[in-house]
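Please treat every number below as a calculation from the coordinates, not as lab data. Keep in mind that what you see is a predicted model, and the values were worked out from it rather than measured. Every residue, glycine among them, receives a Cβ derived from its backbone with ideal geometry; neighbour counts consider all protein chains shown.
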Amino acid sequence: MTTDTFQMKSDIAISHIKRLIMSGEAPPGSRIVARVVSEALGISETPVREAIKSLVADEWLVLRPHVGAVVASVGLDNIQEIYGIRGALGGLAIELGGTAYTPERIAEIDAVLRECEPVVAERDVDAFSKLNRRFHALLSDTPQTTVINRMLTSLWSRTEGAKYGFRFVPWRLPESHAEHVAIRDAIVAGDFALAARLVREHEQAGMDALLQGLQNQSEPRPAGRRQETV
């Protein structure tokens, strides 16, 4: 097997495991077993083990003694840290990526915002969550901010994989949308410092709402066995 072929199979395994986490098929605490993944993909365990090592390094997975690799959890104690980092990185992405906000990109941002309007009116949390990711990706995924975008993608996936977000605070959809519009307007005006500040404030508002929603949530969390997933 050539190095390129091995790397390609490792990347396939990484994408597969990330999809499981982001879709919720592999919730926090689920075991990621190399044998099961290799059988699902029809590849050997060696590139899968390398994929698991990579995902541990990127904090998608954590290694537990006597258990192995499990999907990382996000607790109340580090939500503030994650959202703070997201705000700082999101603001920096705008400051560094200003020249990437071409008329074509602005048109893409506007298209997402138009799609959001009926979704917000209907309080469709799942649809808004997807559009929210697209909006923020358009802000951070630029040639000048490739490292920032990778870091933000990982942080977004941590909270989504843990099923945190708008489902706890559906009332925040119109507020979040209005904040998106304000960020867009600042970018169009060329005031990237203001746009960066608005992104930081946006993440702070999201964090405050989420913490409030989690504190108000009274649903019991039954204990269960760890899941073994593909």
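Our coupling estimate for region 119-135, obtained by passing each phi through the Karplus curve with A = 6.51, B = -1.76, C = 1.60 and θ = phi - 60°, is 5, 5, 4, 8, 6, 7, 5, 4, 5, 5, 4, 5, 5, 4, 5, 4, 4 Hz, Gly and Pro reported as x.
Highest average first, the peptides 104-112, 50-58 ordered by how many other beta carbon atoms sit within 10 Å of their residues are 50-58, 104-112.
Whole-Hz Karplus values for region 184-200 come out as 4, 4, 5, 5, 4, 6, x, 8, 6, 5, 5, 4, 5, 5, 5, 5, 5 Hz, taken residue by residue from phi with 6.51 cos²θ - 1.76 cosθ + 1.60 and θ = phi - 60°; glycine and proline positions read x.
Of interest is the spacing of the C-alpha centroids, which for region 31-59 and region 80-159 amounts to 29 Å.
Calculate the FRET efficiency for Trp171 and Arg64 from the Cβ-Cβ distance with a Förster distance of 30 Å, rounded to the nearest 0.05. After rounding to 0.05, the efficiency reads 0.25. From most to least packed by mean Cβ count within 10 Å, the peptides 144-151, 26-33 give 26-33, 144-151. Under the simplified labelling scheme, the Val188-Glu95 pair shows an inter-label distance of 2.5 nm, with each label point 7 Å from Cα along Cα→Cβ.
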